[in-house]
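Colleague: Input: one structure, supplied below.
Values quoted throughout were computed directly from the atomic coordinates according to the rules given, and no laboratory measurement underlies them. All of these numbers come straight from a predicted model, not from anything done at the bench. All Cβ positions, even for glycine, are placed from backbone atoms using ideal geometry, and neighbour counts span all protein chains on display.
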Amino acid sequence: MIALLIRDFRLAMRAGGGFGLGLAFFLIVVTLVPFGVGPQSALLATIAPGILWLGALLSCLLSLDRIFALDWEDGSLDLLATSPLPMEAIVTVKALAHWVTTGLPLVLAAPVFALLLNMPAAGYQPLVLSLLLGTPALSVIGTFGAALTVGLKRGGLLLSLLVLPLYVPTLIFGAEMARRGAEGFDTTTPLLMLAGITCGTIALLPFASAAVLRVNLR
Amino acid sequence: MNLNTLWAYANPKKFIQTTDRVLPWVAGLAALALVLGLIWGFFFTPEDYRQGSTVKIIYLHVPSALMAINAWLMMLVTSLVWIVRRHHVSALAARAAAPVGMVMTVIALITGAIWGQPMWGTWWAWDPRLTSFLILFLFYLGYIALWEAIENDDTAADLTSILCLVGSVFALLSRYAVNFWNQGLHQGASLSLDKEENVADVFWYPLLVCIAGFVLLFVALVLLRTRTEIRARRMRVLLARERMGA
């Protein structure tokens, strides 16, 4: 399992395009928003939590098809499937690798981008916490979507269509927590709900992803 | 109840034979109930003292919204049956129900918007109920798109049924998450079994007839579409066989 994890990290680092791309996309989204809505800092400060959450979600989405696609093409996914490792473990490791290479950099970069959007100081800690709690769920759900569409030639657009509705609850609670934090309200309820969603998806969804992957490898 | 008799209909041939007999009745009853319910509702009920004639959109809005959710429930059940017992008719029925359910969702959204414009003063509000219906519509879209995208029939049936299971959980989750996210403009449930009176009796009876009509219409459409799917699949097999022979 650890070998697989390390292998995925190395691939993400060295293959180029995987590691920094999500982060760069996040930066571009944050840069484009003021062009779209105007440069008033008060307005930007109000919408900053939502924009940051949406940006994180979209850059997560962008890298999803890479989770299985390359392994599928060169056949290493078949090798993994015949290895003694259960499929559930493979899927979990893949999701973890995706989170570490995509989700974690987003979490770490979020405060810097929040600065660009003029977010109030009180909002930084809830924002980072909400992203830290929420992005693992995004990776796990995304892995499910990637497993569903792995065999398809042009799965990219379909993948977004399938995954985005599944992201709704995570986005609602995550953005709500960041917004409440920025406005100085109590964040306990969305925090607990977000943690619940993340724990639930991590516990249950790998089974669905593994089942789907088995069907696709049949 | 003897369950063995139910599973007999999983045989496509038996299914086609039975629906041959049942379908005209269901379709006829659906037409009858819809015509009766809608005419009764539209022309022979009084106008509401505050809402005027717009209240009559309830005869389309409530039944279609009801069926939009029930269609997904039916897809959930048939998907489970496919996963557990692998009856092809079940998977095809789920496939057949999806577009019907999607259209019901659209009808509910559109009639709601038409009613909302004069009543709430807006076509659309980010109200929990409206939003969750929009999300339900997106789930239908994704489900149908996945069916269309996969070429192998069995793979498609497997993948879509798992998507349906996972999607149901997330749709439910979204329903309550959305509640948390915004306060509602939409009134409470117009129909529930545990209330003494839901809406006044004059509106209630034609509404019941309309709901029965929509349920029957849904059953008829799903049966018809399932038959079409079965026959289309048979035809593909026959054509493939012919090409092999030639």
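Colleague: From the Cα gyration tensor of the range A:9-161, with a ≥ b ≥ c the square roots of its eigenvalues, which class applies: rounded if a/c is under 1.5, or else prolate if a/b is larger than b/c, or else oblate?
Modeller: prolate
Colleague: Next question, about the same structure. Taking every pair of alpha-carbon atoms in the range A:74-218, give the share separated by more than 21 Å as a whole percent.
Modeller: It works out to 48 percent of all Cα pairs.
Colleague: Something else: Report the trypsin sites (Lys or Arg not before Pro) located in the range B:31-140 that are in a DSSP loop and have at most 10 other Cβ atoms inside 10 Å of their Cβ, or state none. Spell out each step's value before the answer.
Modeller: Values: sites: B:Arg50, B:Lys56, B:Arg85, B:Arg86, B:Arg95, B:Arg129; in loops: B:Arg50, B:Arg86.
When the trypsin sites (Lys or Arg not before Pro) of the range B:31-140 are filtered for loop state and at most 10 Cβ neighbours within 10 Å, B:Arg50 remain.
Colleague: Still on this model: Highest GNM mean-square fluctuation, chain A, Cα pairs closer than 10 Å: which of A:Leu133, A:Leu61, A:Leu11?
Modeller: In the Gaussian network model the winner is A:Leu11.
Colleague: Could you compute the FRET efficiency for B:Val35 and B:Val103, with r as their C-beta to C-beta distance and R0 at 25 Å, rounded to 0.05? Kindly include the intermediate steps, with their values, before the conclusion.
Modeller: On the way: r = 19 Å, r/R0 = 0.77.
FRET efficiency, B:Val35 to B:Val103: 0.85.
Colleague: Turning to a different aspect of this structure: Which whole-angstrom value gives the distance between the alpha carbon centres of the range A:183-218 and the range A:37-81?
Modeller: Centre-to-centre distance over Cα atoms comes out at 16 Å.
Colleague: How high is the FRET efficiency from B:Ala10 to A:Leu43, r the C-beta distance, R0 56 Å, rounded to 0.05?
Modeller: For B:Ala10 and A:Leu43, the calculated efficiency is 0.45.
Colleague: Can you give the average number of partner chain beta-carbon atoms within 10 Å of each beta-carbon in peptide B:162-174, as a whole number? Before the final figure, lay out each step's value.
Modeller: On the way: counts 9, 7, 0, 2, 13, 3, 0, 7, 10, 4, 1, 11, 8.
If you average over the peptide's residues, the count of other-chain Cβ atoms is 6.
Colleague: According to the Cα gyration tensor, what semi-axes, each the square root of 5 times an eigenvalue, does the equivalent ellipsoid of the protein assembly as shown have, listed from largest to smallest in whole Å? Please report the intermediate quantities before stating the final value.
Modeller: On the way: eigenvalues 338, 231, 56 Å².
After diagonalising the Cα gyration tensor, the semi-axes are 41, 34, 17 Å.
Colleague: Tell me the label-point distance for the pair B:Trp120, A:Glu183, using the 7 Å Cα-to-Cβ offset, in nm and rounded to one decimal.
Modeller: Result for the modelled spin labels: 1.9 nm.
Colleague: Could you line up A:Ile28, A:Ile90, A:Ile51 from fewest to most neighbouring Cβ atoms inside 10 Å?
Modeller: A:Ile28, A:Ile90, A:Ile51
Colleague: Let me ask another. Relative contact order for chain B using alpha-carbon pairs under 8 Å, separation at least 6, rounded to a whole percent?
Modeller: It comes to 33 percent, rounded to a whole number.
Colleague: With springs only between Cα atoms under 10 Å, which of A:Trp53, A:Trp72, A:Trp99 fluctuates most in a Gaussian network model of chain A?
Modeller: Highest fluctuation of the listed residues: A:Trp72.
Colleague: Same structure again: Looking at chain B as a GNM with Cα springs under 10 Å, which of B:Phe15, B:Phe203, B:Phe44 has the largest mean-square fluctuation?
Modeller: Most flexible of the set in this elastic network: B:Phe44.
Colleague: Measuring from a point 7 Å past the Cα of A:Thr82 along Cα-to-C-beta, which residues in the range A:118-158 have an amide N at less than 20 Å?
Modeller: A:151
Colleague: Here is a follow-up. R0 = 22 Å: FRET efficiency of A:Arg10 with A:Leu54, Cβ-based, nearest 0.05?
Modeller: Step by step, r from the Cβ atoms, then E = 0.10.
Colleague: Averaging the inverse of every distinct alpha carbon separation and then flipping it gives the Kirkwood radius. What is it for chain B, in angstrom units?
Modeller: 19.9 Å
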